[in-house]
1. Looking at ALA107, is it open to solvent by less than 20 Å² (accessible area, probe 1.4 Å) and outside any loop (DSSP other than H, G, I, E, B)?
2. Return the total of residues in the stretch 73-94 being open to solvent by 30 Å² or more (accessible area, probe 1.4 Å) and under 16 Å from ILE106 (Cα atoms).
3. Restrict the check to the stretch 185-208 and report whether at least one residue is of a type in the set (D, E, K, R), closer than 22 Å to ALA64 by Cα and within 15 Å of the chain's Cα centre (by Cα).
4. Would you call ALA68 crowded, with 21+ Cβ neighbours inside 10 Å and modelled with pLDDT of 85 or more?
5. What pairs come out if I take residues in the stretch 40-56 that are assigned to a loop (DSSP other than H, G, I, E, B) and pair them with residues that are open to solvent by 80 Å² or more (accessible area, probe 1.4 Å) whose C-beta lies under 8 Å away, six or more apart or interchain?
6. Looking only at the stretch 121-176, how many residues end up being touching a Phe, Trp or Tyr at 6+ places or on another chain (Cβ under 8 Å) and on the phi > 0 side of the Ramachandran plot?
7. In the stretch 192-222, which residues are of a type in the set (Phe, Trp, Tyr) and open to solvent by 60 Å² or more (accessible area, probe 1.4 Å)?
8. Conditions: (1) of a type in the set (Gly, Ala, Ser); (2) open to solvent by 30 Å² or more (accessible area, probe 1.4 Å); (3) at pLDDT below 95. ALA8 meets all but one. Number of the miss?
Amino acid sequence: MPAILLCAALVLSGCALTGPLGGSTRAATTPPEESAQPVGVGTCPWPDPYVPTAATSSDPVAAAEALALPEDRFWDLLSTVPGVADKADFDAVSSALAGCARSDLIAFEARLTLALYALDGERNFDWIVDNDPAGLHFATEDSFLYSRCATIMAGRETWRHAVENGTLEWGADVTGSSEWLLFVGLAAAEAQGIDVDDYYDEVFGSIPISYETGSNTELWAG
């Protein structure tokens, strides 16, 4: 079921979900309920660990950029996921990332956060409401986040177009599987034997911006 349709069903059934103009909550750090085997440690797709550069600005976006994985590495890694994907496809990405240095995992999270943050705007939100493939013309904080994930999974050029034009194309994702993008780094960390709480403490403590809906206040009018 598409993420927007699912969230709408939850709201209609009485589960209150706040929108970006009515407050914000941090996304759940627990993957969706779904049976899965832990991923293994694969082969890192690049030969050398990424070494973050020193932040030269107090601007949080610039600081996140200094920490983030190079764009080519990030987009090349995600390009291995097919247009119609399932969790196993995301597990393959996690396995490859698990073969990299721990610093690369944090750098991946920083680049993912930047990519999602760039799409966190009122124009993008309004566009997905107007063009909702489920036909409900409705979105929530969470469904907007998952729609941004889907746009990233549609590829670098689709993502860039969405950033520049305030759109939010879904690409080929009609099942909501792109939500698993949020847990690629976590699965890689678990494969390396890193404690979940320790990993999230490092991620949220290191990256100075958030991908949560409404975090990019410059792109929201209210």
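1. For ALA107, the condition - open to solvent by less than 20 Å² (accessible area, probe 1.4 Å) and outside any loop (DSSP other than H, G, I, E, B) - is met.
2. Qualifying residue count for the region: 1.
3. So far as the stretch 185-208 goes, no, none of its residues is of a type in the set (D, E, K, R), closer than 22 Å to ALA64 by Cα and within 15 Å of the chain's Cα centre (by Cα).
4. Taking the combined requirement at face value, the residue satisfies it.
5. PRO45/ASP76
6. 3
7. The answer is PHE204, and nothing else.
8. (2)
The values are calculated or read from the model by the stated rules, or taken from the named source; none is laboratory data. This is a predicted model, so every value here is computed, not measured. Don't worry about glycine lacking a Cβ; one is built from the backbone with ideal geometry, like all the others, and counts go over all protein chains shown. Side chains are part of the model used for accessible areas, which takes the heavy atoms of the whole protein and leaves out ligands, DNA and RNA. Shrake-Rupley method; radii C 1.70, N 1.55, O 1.52, S 1.80 Å.
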